[in-house]
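> Let me give you the structure first, and then I'll get to my questions.
The values are calculated or read from the model by the stated rules, or taken from the named source; none is laboratory data. Note that this is a predicted model, so its numbers are computed, not measured. Here the Cβ is made from the backbone with ideal geometry for all residues, glycine too, and neighbour counts use every protein chain on show.
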Amino acid sequence: MICNESFIVAYNKLFTWLYEHEGIDGLREFWTLLAEAMSFRFEQLTRTKGLAGLVEYWAETLSAEKAACTLKYTMGKNGACLTLYIRDCPSRRRLHQASQSICPVYCDHCKTIYGTILSSLGYSMTLTKIGDNSCLIQIRESACSEAGDTPGPSGTSLTP
């Protein structure tokens, strides 16, 4: 897998231009088209392995990007849930290192790109921005509550 770190600054500039010239709707339309173009591995792992495939995808991707994060897979009485706690987003870190002004809705690209793919496969995804470089992403097969959940195959902590 090729890490996209060298493209992060260019993505941000493109996102900013689209946001300023086409508005949030135009930018989301671009992200949706991007999801359709880049989804093969992500979609294939999700189709064949479910949330366990997403654990595999993000463990590989976030390790390559040197993200500080925790992946938690839980199985509850109402279904499975994958939680990603990104403590240090590699994209935003790269933009700060490059002294770049960050697109005001930059973080929404993850929600739109991955959320579009996941929704088409029957999953739901929420993304909550916690701090400048951190967020919480939750992906559910169906209703998944913390009460009664038991740990699944991964509680992996990744650090750069």
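> It is to be established whether one or more residues within region 15-26 are on the phi < 0 side of the Ramachandran plot, modelled with pLDDT of 90 or more and buried (at least 21 other Cβ atoms within 10 Å of the Cβ).
No, region 15-26 has no match at all.
> Go through region 90-106 and give me each residue that's in a loop (DSSP other than H, G, I, E, B), modelled with pLDDT of 90 or more and of a type in the set (A, V, I, L, M, F, W, C).
Residues satisfying the conditions are I102, C103, V105.
> Taking the conditions exactly as written (basic (K, R) and within 14 Å of the chain's Cα centre (by Cα)), does R47 satisfy them or not?
For R47, the condition - basic (K, R) and within 14 Å of the chain's Cα centre (by Cα) - is not met.
Yes or no, residue by residue, for (1) assigned to a helix (DSSP H, G or I); (2) within 17 Å of C110 (Cα to Cα); (3) of a type in the set (A, V, I, L, M, F, W, C); (4) touching a residue at least 12 places away in the same chain (Cβ under 8 Å):
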| position | (1), (2), (3), (4) |
| --- | --- |
| L18 | yes, yes, yes, yes |
| D25 | yes, yes, no, no |
| R28 | yes, yes, no, yes |
| T32 | yes, yes, no, yes |
| A35 | yes, yes, yes, yes |
| R41 | yes, yes, no, yes |
| G53 | yes, no, no, no |
| T61 | yes, yes, no, yes |
| C69 | no, yes, yes, yes |
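> In region 107-136, what count of residues is obtained for those that are assigned to a loop (DSSP other than H, G, I, E, B) and touching a helix residue (DSSP H, G or I) at 6+ places or on another chain (Cβ under 6 Å)?
2
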